[in-house]
Ligand SMILES: [Zn+2]
């Protein structure tokens, strides 16, 4: 070590190297690198890697797995992975359900639970109370599997002020400037609970745990229609945090009034409830209505078929404009759009071809493979990524640095 180096500089180097090593372990994933492989991959000395790994193992972020030959003189080596004994809780409030999931540091969804809950117009306190009861299930599951909960991510269908834990606007919940206390859901968790937008979280879930492409527009289909723009593997939210609001792109100038205060928005034609109504699906729970709609589509019911066809056509118009504006080359469909993809895609693709001919290769319009867990994975994943980017701070908080 250079004696003239100020302590602050030494700290900076260690801070950077801890993150470098942890990020390398995260990126190799299933390959479970040895210390020697990490040294080769990062350019650090084996002694430095061993020291950094010792701290990461002691903090509980990294665990050693199995013995295998790492090549050098046939010596057996320990593989390293993000710990499966540390987890982050993903939570979601939506218009007619609540969901929770336990995600280990390696990004595996170890437990999840969804309950229908009519949250529209309910006071945030009441909804948070219900979510608290559901979160108790995750805590019990974590305890049973001996997984320590480090923190949580809470996704809501609206614009949020993450720093102040305020839901700025969630029109489909009828929430305006509502102060939440998400930390109360996981008292004592060292990383706290981070508030986020549902579509943005689902887009990040797709980026980190889905097909892994670096540039795409994620389309979230719920009661509301949302979007998340991923550019060069980063979420683009815009200066006010509301970029990617695909659901409120106007697709019909004379269209119906929308929850946002505007009219003719995509959501009024392609949101879940808009489709149920146009299809004549009888009232009922979300699960019942979804089941009935899928049954009607399978039976080629003309009204249901037209409702979904129209939703696809309008979605195509919104995507054509978005692709032109943002140079979007890939689209991933989530939520009900994923469920309805077989019936939606033909009109969506012909609409894209009509309004933005040749712009988007049909093979780049795909369905998310994460089904309904994308939002939970993304909400939890943001907290996991923050640890991977700054493990030094986590070690400091754990008094290990
Ligand atoms: Zn709108």
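Note the full-extension length gain between residue 231 and residue 40 as 0.36 nm times their separation in residues minus their Cα-Cα distance, in nm to one decimal. Present the calculation step by step, with values, prior to reporting the outcome.
Values: separation 191, 0.36 × 191 = 68.76 nm, distance 2.96 nm.
So the extension gain works out to 65.8 nm.
Treating the angle as unsigned and between 0 and 90°, give the value, to the nearest 10°, between the Cα long axis of helix 341-355 and the longest Cα principal axis of the chain.
With rounding to tens, the tilt is 80 degrees.
Starting from the Cα of residue 64, step 7 Å along the direction of its Cβ; do the same at residue 243; then give the gap between the two resulting points in nm.
4.4 nm
Please report the antiparallel percentage of DSSP beta bridges with both residues in the chain, rounded to the nearest 5.
Around 70 percent antiparallel, to the nearest 5.
Kindly put 306, 345 in sequence by how many other C-beta atoms sit within 10 Å of each C-beta, fewest to most. Walk me through the numbers on the way to the answer.
Numbers: 306 13, 345 18.
By the 10 Å Cβ count, ascending: 306, 345.
Rg (Å, one decimal) plus Dmax (Å, integer) for the alpha carbons of the chain?
23.1, 79
Out of all DSSP beta bridges in the stretch 57-209, what portion is antiparallel? Express it as a percent rounded to 5.
Once the DSSP bridges in the stretch 57-209 are tallied, antiparallel ones form about 70 percent.
Using a Förster distance of 60 Å, how high is the FRET efficiency between residue 252 and residue 146, based on the Cβ-Cβ distance and rounded to 0.05?
Computed FRET efficiency for residue 252 and residue 146: 0.65.
Compute the helix-to-body angle for 286-298: its Cα long axis versus the longest principal axis of the chain, expressed 0 to 90° and rounded to tens.
60 degrees
May I ask you to sort 139, 46, 32 by Cβ crowding, counting other Cβ atoms within 10 Å and putting the fewest first?
Listed from fewest to most nearby Cβ atoms, that is 46, 139, 32.
How large is the translational diffusion coefficient of the stretch 212-369 in µm² per second when you combine the Kirkwood radius over alpha carbon pairs with Stokes-Einstein at 37 °C and 0.692 mPa s?
On the way: Rh = 15.7 Å.
Approximately 209 µm²/s, per Stokes-Einstein.
Relative contact order for the chain using alpha-carbon pairs under 8 Å, separation at least 6, rounded to a whole percent?
Taking the mean separation of contacting Cα pairs over the length of the chain, I get 16 percent.
Based on the Cβ-Cβ distance from residue 177 to residue 31, what FRET efficiency comes out when R0 is 41 Å, to the nearest 0.05?
Working: r = 47 Å, r/R0 = 1.14.
For R0 = 41 Å, the calculated efficiency reads 0.30.
R0 = 35 Å: FRET efficiency of residue 51 with residue 110, Cβ-based, nearest 0.05?
About 0.70, to the nearest 0.05.
Please identify, among 66, 244, 316, the residue showing maximal mean-square fluctuation in a Gaussian network model of the chain using a 10 angstrom Cα cutoff.
66
Note the angle between two axes, namely the Cα long axis of helix 302-326 and the longest principal axis of the Cα atoms of the chain, as a number of degrees from 0 to 90, rounded to the nearest 10.
50 degrees
Figure the gain on full extension for residue 184 and residue 13 (residue separation times 0.36 nm, minus the Cα-Cα span) and round it to one decimal in nm.
58.0 nm
Order by neighbour count: 314, 236, fewest other Cβ atoms within 10 Å first, most last.
Starting with the residue having the fewest Cβ neighbours, the order is 236, 314.
Where a number appears in this text, it was derived from the coordinates with a stated rule and is not lab data. For clarity, every value in this text was computed on a predicted model and none was experimentally measured. Note: ideal-geometry Cβ built from the backbone for every residue, glycine included; neighbour counts use all protein chains shown.
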